[in-house]
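What follows is a set of notes on a single structure, which appears directly below.
The values are calculated or read from the model by the stated rules, or taken from the named source; none is laboratory data. Predicted model, so just to flag it, every value in this text is computed and none were measured. Here the Cβ is made from the backbone with ideal geometry for all residues, glycine too, and neighbour counts use every protein chain on show.
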Amino acid sequence: MYGTLLLLHLLAATIWTGGHIILATVILPKALRQRSVAHLQNFETAYERVGMPALIVQIITGLMLAYRLVPDIGGWFNPANPLAHIIMAKLTLLGLTLALAIDARFRVIPNLTPDKLVDMAFHIVPVTLISILFVVVGISIRTGWLF
Ligand code: HEM
């Protein structure tokens, strides 16, 4: 069971973080250079089909892995437990990601024009950096880098 959860969590992580790195480093610079909303929209339409299910898998498997590490949900917020630091960090990153995604989806994307591409960049770049932080926090359980 643990192996399957970890496999699904890591597969979804490759899609979420990998997709955002491609978006931020290849698609976004091209869209900004050419002032092309279509470039971004074409990628978003294709990516959404795998990216959104990947994020949902990520959240479900992440919560199950967290429950396996600390089998008492109240304990997830106990600052005295180093494992809780990892869970709290993941939940904070998730909150930031959802806030940026909702703002992009309902405020920026519906009215996207070439002039608003910079506004979109201010969503894409932070979500990409946060997606990398998700991985760094996740592996910290083994590396001890952050906690
Ligand atoms: C896009 C979002 C996410 C990404 C990219 C991500 C990525 C990762 C990675 C790379 C690992 C390391 C696995 C290992 O070294 O074995 C990990 C572990 C972990 N993640 Fe996530 N994660 C994400 C979201 C979440 C969420 C929302 C939670 C919920 C609290 C979560 C909870 C965990 C836990 C508890 C572990 C440790 C698993 C263990 O080794 O027992 N993750 N994650």
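Only residues that are at pLDDT 95 or above, among the aromatic types (Phe, Trp, Tyr) and closer than 18 Å to Gln41 by Cβ: list them for segment 97-147, please.
Phe122
Check whether at least one residue in segment 124-133 is without any contact (Cβ under 8 Å) to a residue 60 or more places away in the chain, more than 26 Å from Val37 (Cβ to Cβ) and assigned to a helix (DSSP H, G or I), and report yes or no.
Let us first name the residues in segment 124-133 that are without any contact (Cβ under 8 Å) to a residue 60 or more places away in the chain, namely 126, 129-130, 133.
Now restrict to residues that are more than 26 Å from Val37 (Cβ to Cβ): 133.
Pick out the ones that are also assigned to a helix (DSSP H, G or I) and you get 133.
Within segment 124-133, one or more residues are without any contact (Cβ under 8 Å) to a residue 60 or more places away in the chain, more than 26 Å from Val37 (Cβ to Cβ) and assigned to a helix (DSSP H, G or I).
Please specify each residue of segment 134-147 satisfying the condition of being in contact with a Ser or Thr (Cβ under 8 Å, 6 or more places away or on another chain) and part of a helix (DSSP H, G or I).
Those that are in contact with a Ser or Thr (Cβ under 8 Å, 6 or more places away or on another chain) and part of a helix (DSSP H, G or I): Phe134, Val135.
With the condition being away from the ligand (no atom under 16 Å from the Cβ), I'd like the helices (runs of 4 or more DSSP H) fully within segment 1-115 carrying at least 1 qualifying residues.
Numbers: elements: 2-22, 28-34, 37-69, 82-103.
In segment 1-115, 28-34, 37-69, 82-103 are the helices (runs of 4 or more DSSP H) which contain 1 or more residues that are away from the ligand (no atom under 16 Å from the Cβ).
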